[in-house]
Amino acid sequence: MSTAATSFPERNAAEVADIVLASDAASPDVRARRIRQRRQMYVGQVASYSLGASVLLLYAFDGAVSTNVPTLFWFGGLLIIGTFTVLSEAGVGDRFADHYLSVFQISAHMALQFVFLVSVPTLGIAFLAVLFLIFAFGTLRMTSRQAMITWGLATCGLAFVFLGSDLPIGLPVASRLERAASMLCFALVIGQCAFLGLFGATLRKILYRRSNELKAAYRRIEELAELDELTGSYNRRCIMRLLDLEMEKSRQNGSPCAIALIDLDWFKRINDVYGHPVGDEVLRTFALTIFANIRPDDRFGRYGGEEFLLLLPGTTSEAASRMLDRLRSIVAELDWSAFSPGMSVTISAGVVMLRDVDTADTFLARADSALYSAKAQGRNRIATG
């Protein structure tokens, strides 16, 4: 006899995942989907009670129970489902973390089983089997506290039936039809147990997928928090943090460390003459060019405006100067006229080596001084300090 709160497994598993993963203030889309899923669950419950009532009709046809039993059982189930459907459509459930109102639903369905268990004890085993199914399904949605509450209620009901009464609880198997009806009772319960297994498996898959999506989103947020939106290079906060790390690593390992402060020559003039959109494209192209021509261990970030900071760990002054001069030549030789006829872009850079007495501020100040020297010498050149 199948009377548990059935539903469509994959979609309702997504709903349970929403309870775990979504914020308390659900968006309109989430609320609409929850209402839709609750409707599907109630349709499943109606089908479930209809199947149970059909089995009771077989018993009634054989004379084991009154014909009123399947009718009352069906209408009783519809009354519970209808009540919670009205509450669902009114949005009552959405005010609570458990928008299914699981404790109340499970308690109502178990109460109906106990009523018929007491009223028709000759079919008691069938109703008891359904109690297990209802409770098992409910625990997929309930918290530990809610499960303990419903377990306590079920235990009180069972204590009344078994200890507070002498009801002859059984299951008719006297005739062939009764045996068939009893078989169907357990077949339906077993079928829904299998359904619960599918539901749980689907829920685990969806939660696993949601977990991976959250991890990927978190990694993406971390990346965006470290990157300059326009150029894709590290932003100032991140490149400064990396500068501190490289300085510490260089001192611990006794290895050289160089930095270069790079400036695009006459960049304000580019913006004024060709416009800011073209200026943005110049910055992007410059950044891509640098990324394509530095080592994997080098770090490149936007220091501010058209100034960029390049970290060169394990690099001597001579090697750093050669590298920067090569980058300067590459940038100068690019076909900038593709952006606008007659356009040319060059860079100047100040290259300095880390000293024992340097702090991040003094290190950068010396690089800035070297950059100023390169500009004073006519730009499109590299100066060391």
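A few points about this structure:
- Per-region count, the stretch 322-338, residues in contact with a strand residue (DSSP E or B) (Cβ under 7 Å, 6 or more places away or on another chain) and open to solvent by 30 Å² or more (accessible area, probe 1.4 Å): 2
- First in the stretch 151-176 and closer than 30 Å to PHE61 by Cβ, second anywhere and charged (D, E, K, R), Cβ under 8 Å, 6 or more apart: PRO172/ASP62; PRO172/GLU178; VAL173/ARG179; SER175/ASP62
- Within the stretch 51-77, residues that are closer than 14 Å to VAL115 by Cβ sit with their Cβ atoms under 7 Å from residues that are among the polar types (S, T, N, Q) and not in a helix (DSSP H, G or I), at 6+ positions apart or across chains, in these pairs: GLY52/SER2; GLY52/THR3; GLY77/THR3.
- The stretch 189-215 residues that are more than 20 Å from GLN113 (Cβ to Cβ) and part of a helix (DSSP H, G or I), paired with ones that are polar (S, T, N, Q) and open to solvent by less than 40 Å² (accessible area, probe 1.4 Å) (beta carbon under 8 Å, 6 or more apart): PHE199/SER7; PHE199/ASN12
- For the stretch 62-106, a tally of residues being assigned to a loop (DSSP other than H, G, I, E, B), open to solvent by 20 Å² or more (accessible area, probe 1.4 Å) and of a type in the set (Ser, Thr, Tyr) returns 2.
- In the stretch 279-302, the residues that are under 27 Å from MET247 (Cα atoms) reach residues that are hydroxyl-bearing (Ser, Thr, Tyr) and outside any loop (DSSP other than H, G, I, E, B) with C-beta atoms within less than 6 angstrom, at least six apart or across chains, in these pairs: GLY301/TYR234.
- Pairs with Cβ under 9 Å, 6+ apart, first in the stretch 338-364 and in contact (Cβ under 8 Å) with a residue 40 or more places away in the chain, second among the acidic types (Asp, Glu) and part of a strand (DSSP E or B): ILE347/ASP263; SER348/ASP263; ALA349/ASP263; GLY350/ASP263
- Any hit, the stretch 228-240, residues being of a type in the set (Val, Ile, Thr) and modelled with pLDDT of 85 or more: yes
- Selection of the stretch 239-253 for residues being touching a strand residue (DSSP E or B) at 6+ places or on another chain (Cβ under 8 Å) and either β-branched (Val, Ile, Thr) or open to solvent by 80 Å² or more (accessible area, probe 1.4 Å) (or both) yields ILE239, LYS249.
- Residues satisfying the stated conditions in the stretch 286-321, i.e. open to solvent by 60 Å² or more (accessible area, probe 1.4 Å) and of a type in the set (Val, Ile, Thr): THR316
- Long-range neighbours under 8 Å by Cβ, at least six apart or interchain, first residue more than 12 Å from ARG34 (Cα to Cα) within the stretch 91-110, second hydroxyl-bearing (Ser, Thr, Tyr) and assigned to a loop (DSSP other than H, G, I, E, B): HIS109/THR3
- Residue match in the stretch 196-218 (condition: surrounded by 16 or more Cβ atoms within 10 Å (Cβ to Cβ) and within 23 Å of GLU307 (Cα to Cα)): no
The values are calculated or read from the model by the stated rules, or taken from the named source; none is laboratory data. Remember, it's a predicted structure, so these values are computed and weren't measured experimentally. Neighbour counts run over all protein chains shown; Cβ positions are idealised from the backbone, glycine included. Quick note on the areas: whole protein, heavy atoms, side chains included, nothing else; ligands and nucleic acids left out. Shrake-Rupley method; radii C 1.70, N 1.55, O 1.52, S 1.80 Å.
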